Structure formats: C-alpha cells, structure tokens
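Chemist: This is the structure I want to talk about, given as structure tokens.
The values are calculated or read from the model by the stated rules, or taken from the named source; none is laboratory data. On a predicted model such as this, the values are computed, not experimentally measured, just so you know. FYI the Cβ positions are ideal-geometry reconstructions off the backbone, even for glycines, and counts take in every protein chain you see. SASA here: full protein model, heavy atoms, side chains in, ligands and nucleic acids out. Shrake-Rupley method; radii C 1.70, N 1.55, O 1.52, S 1.80 Å.
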Amino acid sequence: MLKNAGFVIGIVILLFASLILWQSLSLDYYSELGPGPGLLPLWLSAVLMVLSLLFMMKSLKKSIILFPEILPRGRGLGNILTIIAAVLFFIIAAPFAGFTIAGILTLSIILIRDYKWVMALGVSATVTVSLFYVFKFLLNVPLPVNALGF
C-alpha cells in the first residue's frame, strides 16, 4: 500500500485535514453576530477528511499509481533537489545574512543551472532588490536584514 502514490497522498491529506479540524475546535463555532470563525474550517476539514478517505479507497481498488511511475528522473529530479536545497539554504541564511544577500544567493543557485553565472547573478540581484524595496518600503513588511541594513 505504501508504494501506491494515491493512497499515500490520501493519508497526507487526511492528516492535514485532521490537523485543521483539531485547530478549528479551539475557535468559536457560533458568536453573537452569527457563525463564528470556527464554523467554516470545521466543516471544510470534515468534508476534506471524507473526500480523502473516498480517494484512498478508490486508489486501492481502481486507479493504482506507483511512485516510480510519477517521480521525475534525470534533470527533472536535479531541478527539484536544487530548489529544495536552495529553499533550505535561504531559511538558514536569511536571519544571519539578511534578505537581500540570502535571496540573491538562493535565486542564483536556482538559475545557474539554466543560465550563465553573470546572467543568473544579475537577474537574482534585480529580483531580490526589487522585492526588498516593495516589501520593506512600500508595504512596510519587516524583513530580516544584516548589519549593513539590507
């Protein structure tokens, strides 16, 4: 059963829906003005749980999809692993190096597989500095900065 991708994905969705259901129980179901903030997540997570159970039963009986059939190979797998590594690098580096330096390095790691290093660095710097300006100054969103302020 664990080689069946549909069944495993059904389990993941069921666990996610269970978590949402559990969290929704801490919210008020009904308030003075009508439905409370816990009404919608409670019902939606319950429906999602039922649908995931139905999907798991269907994946066991009719449409069996095995993991080796859907997992990428070669360059596609390399792209996915590069993106995962770059995101983990950004999560670790951003608090210390700041948003701009961590963002430039992260985008460079992703883009260097398809572009020359000069182009990858230029695009990374332009995109990161633009995002930093928009979020920091226009939207007033606090971003991690280094000792130099960026």
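Chemist: Out of all the residues in region 59-71, which are surrounded by 12 or more Cβ atoms within 10 Å (Cβ to Cβ) and either farther than 16 Å from VAL12 by Cβ or free of Cβ contacts under 8 Å to residues at least 40 places away in the same chain (or both)?
Modeler: Correct list: ILE64 only.
Chemist: Which one is nearest to LEU71 (Cα to Cα) among residues in region 91-132 that are of a type in the set (Phe, Trp, Tyr) and surrounded by fewer than 12 Cβ atoms within 10 Å (Cβ to Cβ)? Reasoning before the result, please.
Modeler: From region 91-132, those of a type in the set (Phe, Trp, Tyr) are 96, 99, 115, 117, 132; that's our starting set.
This time we only want the ones that are surrounded by fewer than 12 Cβ atoms within 10 Å (Cβ to Cβ), so: 96, 117.
Values: PHE96: 35, TRP117: 29 Å.
Here the residue is TRP117.
Chemist: Being among the aliphatic types (A, V, I, L, M) and open to solvent by less than 70 Å² (accessible area, probe 1.4 Å) narrows it down to one of VAL8, VAL50, VAL12, so name that one. Walk me through it before giving the result.
Modeler: Values: VAL50 fails: open to solvent by less than 70 Å² (accessible area, probe 1.4 Å); VAL12 fails: open to solvent by less than 70 Å² (accessible area, probe 1.4 Å).
Just a single option satisfies the conditions, and that option is VAL8.
Chemist: Can I ask one more? Would you mind finding the one in SER45, SER124 that is small (Gly, Ala, Ser), farther than 30 Å from ASN146 by Cα and touching a helix residue (DSSP H, G or I) at 6+ places or on another chain (Cβ under 9 Å)? Steps first, please.
Modeler: Details: SER124 fails: farther than 30 Å from ASN146 by Cα.
Unique residue meeting the criteria: SER45.
Chemist: Mind listing whichever residues of region 27-47 are open to solvent by 90 Å² or more (accessible area, probe 1.4 Å) and either aliphatic (A, V, I, L, M) or modelled with pLDDT of 95 or more (or both)?
Modeler: Matches in region 27-47: LEU33, LEU40, TRP43, LEU44.
Chemist: Quick one: what pairs do we get from region 91-111, first residue within 13 Å of VAL127 (Cβ to Cβ), second in a loop (DSSP other than H, G, I, E, B) and at pLDDT below 95, C-beta under 7 Å, 6+ apart or different chains?
Modeler: So the pair list comes out as PHE99/LEU143; PHE99/PRO144; PHE99/VAL145; THR100/PHE150.
Chemist: Still on this structure: Using the structure shown, decide if LEU88 is open to solvent by 40 Å² or more (accessible area, probe 1.4 Å), over 30 Å from ASP114 (Cα atoms) and aliphatic (A, V, I, L, M). Outline the logic, then answer.
Modeler: On the way: open to solvent by 40 Å² or more (accessible area, probe 1.4 Å): yes; over 30 Å from ASP114 (Cα atoms): no; aliphatic (A, V, I, L, M): yes.
Here the answer is no, as LEU88 does not meet what is asked.
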